[in-house]
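Only one structure is covered here, and it is reproduced in the block below.
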Amino acid sequence: QKAVVIVGAGQAGAQVAQSLRQGGFEGPIRMIGDEAYPPYQRPPLSKKYLLGEMAEDGLFLRPSAFYEAQSIDLIPGVRVSGINRSAKRLTLQNGDTLDYGKLVLATGTRARPLPLPGADLEGVLSLRSIGDVQSIRQKLADAKRLVIVGAGYIGLEVAAVAQTLGVEVTVLEAADRPLKRVVSPIISAFYTQLHTLKGVTLRLETGVQAIEGDAGKVSGVRVSDAEVVAADLVLVAIGALPNDDLAEAAGLDVDNGILVDGAGQTSDEDIYACGDCTRFFSTRYERSVRMESVQNAIDQAKIVAQSLIGVEVDYDPLPWFWSDQYHTKLQIAGLSEGYDDTKLVGDPGDDKFYVAYLFKNKLIAVDSVNTPRSHMMARRVIGEQWRDGLLPAV
Ligand code: FAD
C-alpha cells in the first residue's frame with residue numbers, strides 16, 4: 001500500500017492516523033507537524049493549563065510511544081512548504097521531499113493578526129499553541145494590567161483565568177455584546193454580568209485604533225484620539241484564519257477554508273482535508289460552514305480515514321462546542337445562526353439555564369449553562385418540531 005501522508009499533527013491529523021490503524025489500514029502513515037510537540041488538545045490552553053491546574057503531559061492526545069507502537073511515523077518540528085500534485089511529492093522547509101500516495105491536509109488555523117500600528121510590540125500576544133501559553137504565563141506573572149482585544153471564547157476564557165490569578169483585566173470589544181457572532185443576547189448578557197461581577201472591565205462598542213509602546217514594549221491600547229487604556233500585556237483574540245495557503249498554492253479549490261465534500265475529499269481526488277482548515281456544505285443547516293471545534297476535528301478526521309479505507313461516507317455533523325469560564329460551563333449544540341425564535345428554560349440568576357433556538361418552530365440549537373443533561377438531550381432532539389416537554393426543565 002502507498003503511504004498516507006498527513007500534514008499537521010494536531011487534533012484532526014492525529015485522529016486520521018489513529019482511525020486508519022483502527023480501520024485496518026496497514027500501509028505507511030507519516031504525519032508531519034511544524035510544532036515541536038506530539039499532537040495535543042488545545043481547549044485547556046485557555047483554561048486549566050493557563051491557570052496552572054493542568055500539567056503539560058495532560059495536553060497530549062496520546063503518549064509518544066503510541067505512535068511508535070502503531071507504526072505511525074511522526075515527524076515533528078518541520079513545516080511543509082509545497083505540494084507538487086503531479087509528482088505527488090511534498091517539499092519540506094528543511095529541503096527534504098516526501099512522496100505520498102494519498103495526502104491529508106489537517107493544518108488547522110492561526111490567530112488572526114491585528115492589522116494596526118504597534119501590533120508587533122513586545123508584550124502583544126495571541127494564543128494558539130503551547131508555546132504561546134508558556135510566554136503568556138511567564139508574562140502574566142509580572143503583569144499588573146492585561147488588556148484583551150476581542151470578547152470571543154478565547155478572550156473571555158483568558159479574562160476569567162487572569163482575573164482569577166489576580167491580574168487587572170480589561171476586555172475591549174467592538175460589538176455591542178460579547179460572543180455576538182455565536183450566541184443570543186441572553187447568553188451574552190449572562191457573561192457580561194458574570195465577568196463584571198468578578199471584576200473584569202468589559203468595554204463594549206470599543207474599537208481599537210493602535211497599540212502604544214514605550215521603548216519597544218507595549219504600554220497601552222489606544223481606543224480613541226483622547227484615550228489610551230494602560231496595559232503591560234495585550235492579548236489579541238480576534239478570531240482565527242484557516243491555514244489554507246498551502247492548498248491554494250497547489251491549485252486546490254479554497255474559499256476561506258479548503259473546500260471538501262462529504263467524504264472529506266478536496267478538488268484533487270488524492271488529497272483529503274479535515275478539521276479547522278476545511279469548509280464544507282452542511283445539508284443539515286443548508287449552508288457552507290467552516291468550524292473550529294474539537295467535535296468537527298475528530299468527526300471529520302474519522303470520515304477521512306473511512307474514505308481512505310474505501311468506506312462510503314457522507315459527513316453531516318451535529319456540531320457541538322463548550323467553553324469554561326470561572327465556575328460555568330457553556331455547552332453549545334447545533335448552530336444557532338439564523339434562528340427566528342428562542343425559548344429560555346431555567347433562570348440565569350441561578351447560573352443554570354438553557355436557551356433553545358428555533359427556526360420555523362424547529363429546534364436548531366441549544367446553548368446551556370451548567371446543565372450538561374440539557375446539552376446531551378439537545379444533541380438527541382435537534383431537528384425536531386418544538387413542543388412542550390421536548391426538552392425538560394434544567
Ligand atoms: P490544530 O489542532 O490547530 O492542528 C493543526 C496543526 O497543523 C498545528 O499544529 C499547526 O501548527 C500544523 N500546521 C499548519 N500548517 C502546517 C504546515 N504547512 N506544515 C506542518 N504543520 C502545519 N474547541 C472546542 O471544541 N472547545 C473548546 O473549548 C476549545 N477551546 C479552544 C481554546 C484555544 C485556546 C484554541 C486555540 C482552540 C480551542 N478550540 C476549542 C478549538 C480546537 O482546539 C480546534 O478546533 C482543533 O484543535 C482543530 O484541530 P485541527 O487538527 O484542525 O487543527
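Would you calculate, for the chain, the mean residue ellipticity at 222 nm contributed by helices, counting each DSSP H stretch of 4 or more residues as -39,500 (n - 2.57) and dividing by all residues, to the nearest 500?
-7000 deg cm²/dmol
Which of the trypsin sites (Lys or Arg not before Pro) across segment 95-172 are loop residues per DSSP, with 13 or fewer other Cβ within 10 Å? Present the calculation step by step, with values, prior to reporting the outcome.
Numbers: sites: 102, 110, 128, 137, 139, 144, 145; in loops: 128, 144.
Here the trypsin sites (Lys or Arg not before Pro) that fit, given the DSSP loop and packing criteria, are 144.
As a test of understanding, state the convex hull volume per residue of segment 1-40 from its alpha carbons, in Å³.
Convex hull volume per residue, Cα atoms: 56 Å³.
Please give the Cα centre distance for segment 167-212 versus segment 1-52, rounded to the nearest Å.
Spelled out, the Cα-based centre of one part sits 34 Å from the other.
Quick one: Cα centre-to-centre distance for segment 62-96 and segment 319-387, in angstrom?
40
Just to check, using Stokes-Einstein with a Kirkwood Rh over alpha carbon pairs, what's the diffusion coefficient of segment 297-394 at 4 °C and 1.567 mPa s in µm²/s? Mind dumping the intermediate values first?
On the way: Rh = 14.6 Å.
For the chosen part, D equals 89 µm²/s.
In debye, nearest 20, what is the charge dipole magnitude of the chain about its Cα centre with +1 on Lys and Arg Cβ and -1 on Asp and Glu Cβ, if you could check?
620
Which of the lysines could a cross-linker span from residue 47 if the Cα-Cα distance has to be under 24 Å and same-chain partners fewer than 8 positions apart are dropped?
Here the lysines satisfying the reach criterion relative to residue 47 are 139, 144, 180, 198, 329, 352.
Need one number: % antiparallel among DSSP beta bridges in segment 113-236, to the nearest 5. The partial results should precede the final answer.
Details: 9 of 24 bridges.
So the antiparallel bridges amount to about 40 percent of the total.
Over segment 36-137, consider all pairs of different Cα atoms and compute the Kirkwood hydrodynamic radius from their mean reciprocal separation; express it in Å, one decimal.
16.5
May I ask what percent, to the nearest 5, of DSSP beta bridges between residues of the chain are antiparallel?
Details: 51 of 83 bridges.
Counting DSSP beta bridges with both partners in the chain, the antiparallel share is about 60 percent.
Across 5 Å bins from 0, what is the distribution of all Cα-Cα pair distances for segment 113-236, in whole percents?
Spelled out bin by bin, segment 113-236 gives 2, 12, 23, 25, 20, 13, 4, 1, 0 percent.
Taking the alpha-carbon set of the chain, what are its Rg and Dmax in Å?
Rg then Dmax for the chain, in Å: 21.9, 66.
Among all helices in the chain defined by DSSP H, which have a length of 15 Å or more along the axis from Cα atoms plus a Kyte-Doolittle mean of at least -1.0?
Helix filter hits for the chain: 11-22, 130-142, 153-164, 185-198, 294-309.
Before anything else, pin down the relative contact order of segment 113-236: Cα pairs under 8 Å, at least 6 apart, normalised by residue count, whole percent.
34
If each Cα of segment 233-313 is one equal point scatterer, what is log10 of I(q)/I(0) from the Debye formula at q = 0.18 Å⁻¹?
-0.73
No lab work stands behind these numbers, since they all come straight from the coordinates. Quantities reported herein were computed from a predicted structural model and do not represent experimental measurements. Note that we place each Cβ from the backbone using ideal geometry, even for glycine, and neighbour counts take in every protein chain shown.
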